[in-house]
Amino acid sequence: MAFSSDNIAVFLAVLDHGSFSAAARALGRVPSAVSMAVAQLEAELDLTLFERSSREVRPTESARALEPEARQMAGQLRRLQAHALSLHRGLERRLTLAIAPELLSAPWSEPLARLAQEFPSLEVDVLSAPQDAALRMLHDGAVQLALLYERPKVNDHESFQELGSELLVAVISPRHPLALERNGSFRLEDLVDLRQIAIVSSEPEGIDQRVLISRKLWRTDSHLAALGLVRSGLGWAYLPRRLAQPLIASGELLAVAFAHMSNELRLWVDVVWRNDRPQGLGARRLIALLQDIEGLEPRPPAVAL
């Protein structure tokens with residue numbers, strides 16, 4: 001048979017990386033081995049899969065036609081391997097969970113308390129990191145699970161369970177000069193040139209554009225630091241409603257009132273894991289416990305048409 005788990009991996013690596021040398025680096029092989037594997041696959045299929053040039057290779061129409069099923073087969077193999085390995089694994093010694101800073105105020109500690117009761121010998125590390133950094137740790141193997149907002153793009157190596165939604169509310173200090181001038185009432189365009197305190201990565205490619213409005217940004221990776229900066233009158237921010245609400249009630253923060261739209265932003269919350277790595281009993285149980293988390297709004301049921 002022409003296709004095997006090995007040459008499917010090579011085929012997809014060349015598609016993803018655009019050259020034999022880059023694919024070889026990703027696979028931990030030498031470029032000649034990758035080139036030979038592709039040439040052998042093309043010979044067995046009697047198809048040209050890539051057009052070669054001096055610097056890059058370009059997939060042919062045949063390669064693009066085979067790509068969807070190749071990716072599906074690679075995903076099935078990863079899940080099969082993970083399942084087989086998980087059958088031989090019991091409780092892991094340590095479970096590491098990464099949480100986006102905005103979600104630190106969510107009630108995720110109750111599922112961990114229940115996990116500790118069921119598996120008292122399990123060591124648990126809870127790390128806080130901006131969403132892109134948490135995902136990077138997940139793919140590097142530094143953490144087994146990540147509690148994040150839903151991602152704009154789907155990664156073939158990730159599986160996830162939706163847990164509910166979190167409301168972010170736009171807030172500003174009542175002492176901020178513009179808040180005093182406008183009595184807290186703004187149009188969205190008023191905030192474009194007003195400093196925004198954003199809980200994001202320092203790397204531009206890691207920023208979730210859904211939460212950014214202003215041209216002027218101060219960045220932090222801590223929700224408590226963002227809260228402190230806003231309370232000091234240095235700018236406005238989207239903060240989790242459960243974190244901001246007590247301070248709004250006490251008058252320490254002012255909810256920004258948009259004249260023409262809601263000041264709240266709803267983001268869906270997922271627990272994410274790699275689907276090509278076996279999960280221990282602790283990780284599997286925590287995923288199940290997180291699905292019963294209270295305080296996150298569930299997605300409304302689909303309406304039949």
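If you go through segment 122-150 and keep only what is surrounded by 19 or more Cβ atoms within 10 Å (Cβ to Cβ), in contact with a Phe, Trp or Tyr (Cβ under 8 Å, 6 or more places away or on another chain) and not in a strand (DSSP E or B), you end up with Gln131, Leu138, Gln144.
For beta carbons closer than 7 Å, sequence separation of 6+ or different chains, a first residue in segment 112-127 that is over 14 Å from Ala288 (Cβ atoms) and a second that is of a type in the set (D, E, K, R) and exposed (fewer than 13 other Cβ atoms within 10 Å of the Cβ), the qualifying pairs are Glu123/Arg93; Glu123/Arg94; Asp125/Arg94. The criterion of being buried (at least 18 other Cβ atoms within 10 Å of the Cβ), at pLDDT 90 or above and assigned to a helix (DSSP H, G or I) does not hold for Ala98.
If you go through segment 30-49 and keep only what is under 18 Å from Ala70 (Cβ atoms) and in a loop (DSSP other than H, G, I, E, B), you end up with Asp46, Leu47, Thr48, Leu49.
Please work out if Val154 is more than 15 Å from Arg277 (Cα to Cα), of a type in the set (A, V, I, L, M, F, W, C) and not in a loop (DSSP other than H, G, I, E, B). Considered against the rule, which asks whether it is more than 15 Å from Arg277 (Cα to Cα), of a type in the set (A, V, I, L, M, F, W, C) and not in a loop (DSSP other than H, G, I, E, B), Val154 comes out as no. Of all residues in segment 3-32, count the ones that are among the aliphatic types (A, V, I, L, M) and either touching a strand residue (DSSP E or B) at 6+ places or on another chain (Cβ under 8 Å) or loosely packed, with under 13 Cβ neighbours inside 10 Å (or both). Number satisfying all stated conditions: 2.
The values are calculated or read from the model by the stated rules, or taken from the named source; none is laboratory data. Given the structure is predicted, the values throughout are model-derived calculations rather than measurements. Using ideal geometry, Cβ is built from the backbone for each residue, glycine included, and neighbour counts are taken over all protein chains shown.
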